[in-house]
Amino acid sequence: MTNVLAIGHYADHDQDALRADLLARIVTTNAEIAALPETDRQQVTALAFMGHEPFGGTDMDLLPNLGLIANFGVGYDAIDVDAAGARGVKVTNTPDVLNDDVADLAVALLIAQGREMIPASNWVTSGNWGTKGNFRLARKISGGSAGIVGLGRIGRTIADRLTAFKMDIHYTSRREKETPGWTYHSNPVSLAKAVDYLIVALVGGPDTENQVSKTVLEALGPRGIVVNISRGSTVDEDALLDALENGTIAGAGLDVFQGEPQIDPRFLKLENVVLQPHQGSATVETRAAMGQLQRDNIHAFLAGRDLLTPVN
Ligand code: 8YV
């Protein structure tokens, strides 16, 4: 057993690199860590972490010499960072390298939902176009008003793209930011009232839980489309499902869900949604860059150098 342990479902090239460059042992669940012999667990100083299974203090205590948890992903809400800090464990993530892909998917979800691309595609593949004529008219997206919930790195990359669609950009975040004239709202209800398209780009975790609440969805109104590329936890999912079923909002484009991949079956009956299996960063190029950054952080830690992208 070496001093690098990796947890998660890694792509083949990442598994190869973890084994070749870092002599890592790879497991897929927390339970497998608990099942390792104590002497093996004691040797681990760095953990390459991937996935969404919560990793808390009890899990960390199984690795008494742990000094680093290097997360594969920008969002580290699965890792109890306070518990890590209390144990002197550093945490890193993989920011920035995925901004473009996640923003691309957010824009794609918005357009796919607004232009009804899934039912329109079904209209073609079912043969309806030839037999019943043209598909119904959809709605214009360019020139509309978009509200970004959380103007962090990804939120800003989305907003930059939407300005190319001549959209009027509004946003909310913990504090007002320097922007090219975008409108700041101090809370998501005021934001939702001002826009037709609400794009959620918050970090996950307890601080942002259900920030897109029933009241926010009511404020968005019947022309509203919700896009979520952040975490399922940021949206009150029952309220969202009610609003989609009752038509109190127009639709949603969702890449993330509570309890994913076992999502609420109510989603499967809806026709006013575009659903993706959490794949904002899931391109060959970006996943390779994320894996490289994760490993670079581990190399830096093992060599006693500054971490590249620390979160604590
Ligand atoms: C991945 C993500 O699904 O970066 C994130 O926060 O949610 C995604 O890019 C995840 O990192 C893979 O476990």
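Out of the range 129-162, which residues are open to solvent by less than 40 Å² (accessible area, probe 1.4 Å) and farther than 16 Å from Arg223 by Cα?
At the first step, the residues of the range 129-162 found to be open to solvent by less than 40 Å² (accessible area, probe 1.4 Å) are 133, 141, 144-152, 154-155, 157-159, 162.
Once the filter is applied, which keeps residues that are open to solvent by less than 40 Å² (accessible area, probe 1.4 Å) and farther than 16 Å from Arg223 by Cα, the range 129-162 yields Gly133, Ile148, Val149, Gly150, Leu151, Gly152, Ile154, Gly155, Thr157, Ile158, Ala159, Leu162.
On the given criteria, is Asp96 among the charged types (D, E, K, R), within 16 Å of the ligand (Cβ to nearest atom), modelled with pLDDT of 95 or more and buried (at least 21 other Cβ atoms within 10 Å of the Cβ)?
Details: among the charged types (D, E, K, R): yes; within 16 Å of the ligand (Cβ to nearest atom): yes; modelled with pLDDT of 95 or more: yes; buried (at least 21 other Cβ atoms within 10 Å of the Cβ): no.
So Asp96 does not fit the description; no.
Quickly run through the range 1-31 and pick out the residues that are in a helix (DSSP H, G or I) and either touching an Asp or Glu at 6+ places or on another chain (Cβ under 6 Å) or in contact (Cβ under 8 Å) with a residue 12 or more places away in the chain (or both). Walk me through how you get there before you give the answer.
Applying the first criterion (in a helix (DSSP H, G or I)) to the range 1-31 yields 12-22, 30-31.
Those that are in a helix (DSSP H, G or I) and either touching an Asp or Glu at 6+ places or on another chain (Cβ under 6 Å) or in contact (Cβ under 8 Å) with a residue 12 or more places away in the chain (or both): His13, Asp14, Ala17, Leu18, Asp21, Leu22, Asn30.
Quick one: which of Pro265, Pro261 is assigned by TED's automatic domain parsing to the domain that holds Ser213, within 15 Å of the ligand (Cβ to nearest atom) and open to solvent by 60 Å² or more (accessible area, probe 1.4 Å)? Let's see the steps before the verdict.
Details: Pro265 fails: within 15 Å of the ligand (Cβ to nearest atom).
Of the residues listed, the single one that is assigned by TED's automatic domain parsing to the domain that holds Ser213, within 15 Å of the ligand (Cβ to nearest atom) and open to solvent by 60 Å² or more (accessible area, probe 1.4 Å) is Pro261.
Please tell me if Ala219 is aliphatic (A, V, I, L, M), out of contact with any strand residue (DSSP E or B) (no Cβ under 7 Å at 6 or more places or on another chain), open to solvent by less than 10 Å² (accessible area, probe 1.4 Å) and assigned to a helix (DSSP H, G or I).
Numbers: aliphatic (A, V, I, L, M): yes; out of contact with any strand residue (DSSP E or B) (no Cβ under 7 Å at 6 or more places or on another chain): yes; open to solvent by less than 10 Å² (accessible area, probe 1.4 Å): no; assigned to a helix (DSSP H, G or I): yes.
Criteria not met by Ala219.
Taking the condition of a type outside the set (D, E, K, R), without any contact (Cβ under 8 Å) to a residue 40 or more places away in the chain and either assigned to a helix (DSSP H, G or I) or open to solvent by less than 70 Å² (accessible area, probe 1.4 Å) (or both), does Leu241 pass?
Details: of a type outside the set (D, E, K, R): yes; without any contact (Cβ under 8 Å) to a residue 40 or more places away in the chain: yes; either assigned to a helix (DSSP H, G or I) or open to solvent by less than 70 Å² (accessible area, probe 1.4 Å) (or both): yes.
Taking the combined requirement at face value, the residue satisfies it.
The values are calculated or read from the model by the stated rules, or taken from the named source; none is laboratory data. Owing to the predicted nature of the structure, the values given are computational and were not obtained by experimental measurement. Cβ coordinates were reconstructed from backbone atoms using ideal geometry, including for glycine residues, and neighbour counts include every protein chain displayed. Ligands, DNA and RNA are excluded from the accessible area calculation, which covers all protein heavy atoms including side chains. Shrake-Rupley method; radii C 1.70, N 1.55, O 1.52, S 1.80 Å.
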